[in-house]
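To start, the structure under review is shown below, and the notes come after it.
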Amino acid sequence: MIFDVDGTLCDVREIRHHVDPSHPKFSGTRNFHRFHAQSEWAPVNRWVARLLSDLADSGFRIVIVTAREARWAPLTERWLRERGVEFDAIFYRPNNDGRKDVVVKTGFLKTLRRTDSIVLAVDDSADVIAMWRQNSIPVLVVGLDGEAIKVDAESVGSNAKLVKVLTKHNLIG
Ligand SMILES: [Mg+2]
């Protein structure tokens, strides 16, 4: 069970303009330092956190994968802890690793697949979502306003425990 942080667990709508050139408030330069530093006060996306917690209670291993650099680990883990988000493992981008998010996360997937069978990814980024799907992982998509875009029942297959939790949260259709 894979969860992304920015735009998924973490509601970044108030700080997205620091890194998103298509945002009307974008300054002209992407400022990841400011974006990550200010994420400390960003709200949690509540429905994602509730889903995560229910999946953990149902016995799924929760792995958080983030393209944040490892230097943001203390801030990120404090943020998660303060919002009651519990997880089994977390992956960060190495410091000063300038590869695209999708490349970094493809590497995480290779590592994860040695130990885990991944039944679902929850993510908001189009190219990362495409990568999970290329690797046959069903994706629950988080929209630009933090809303849930229901996962296609066919893609989830016959994992009864997973279907039960997704149905309870009205996230499968
Ligand atoms: Mg994201």
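Each value in this text was obtained by applying a stated rule to the coordinates, not by laboratory testing. Everything quoted here is computed from the prediction, not taken from an experiment. Cβ placement follows ideal geometry from the backbone for every residue including glycine, while neighbour counts extend to all protein chains displayed.
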Next on the checklist: Which lysines, if any, have their Cα less than 25 Å from the Cα of LYS164, not counting same-chain residues under 8 positions apart?
Outcome noted: LYS150
Item to check | Among ILE137, ALA49, ILE64 - extreme Cα towards positive end, dipole of segment 45-159, charges at beta-carbon | outcome: ILE64
Next on the checklist: If each DSSP helix of 4+ residues adds -39,500 (n - 2.57) and the sum is divided by the residues in the chain, what number results at 222 nm, nearest 500 deg cm²/dmol?
Outcome noted: -10500 deg cm²/dmol
Item to check | Relative intensity, log₁₀ I(q)/I(0), of the chain from a Debye sum that treats every alpha carbon as a point, q = 0.17 Å⁻¹ | outcome: -1.09
Checklist entry - Each residue of segment 55-64 in turn: what ³J(HN,Hα) in whole Hz from Karplus with 6.51, -1.76, 1.60 and θ = phi - 60°, glycine and Pro shown as x? => result 5, 4, 4, 7, x, 6, 7, 9, 10, 9
Checklist outcome for this item: If amide H atoms are modeled at 1.01 Å from N in the peptide plane, then the residues at a separation of 5 or more from PHE3, or on another chain, having amide H under 5 Å from its own are VAL63, ILE64, VAL65, VAL122
Item to check | Set of aspartates and glutamates with alpha-carbon distance to LYS100 below 13 Å, sequence-local pairs under 8 removed | outcome: GLU69, ASP127
Checklist outcome for this item: With the 8 Å Cα cutoff and a minimum separation of six or more residues, the chain has a relative contact order in percent of 23
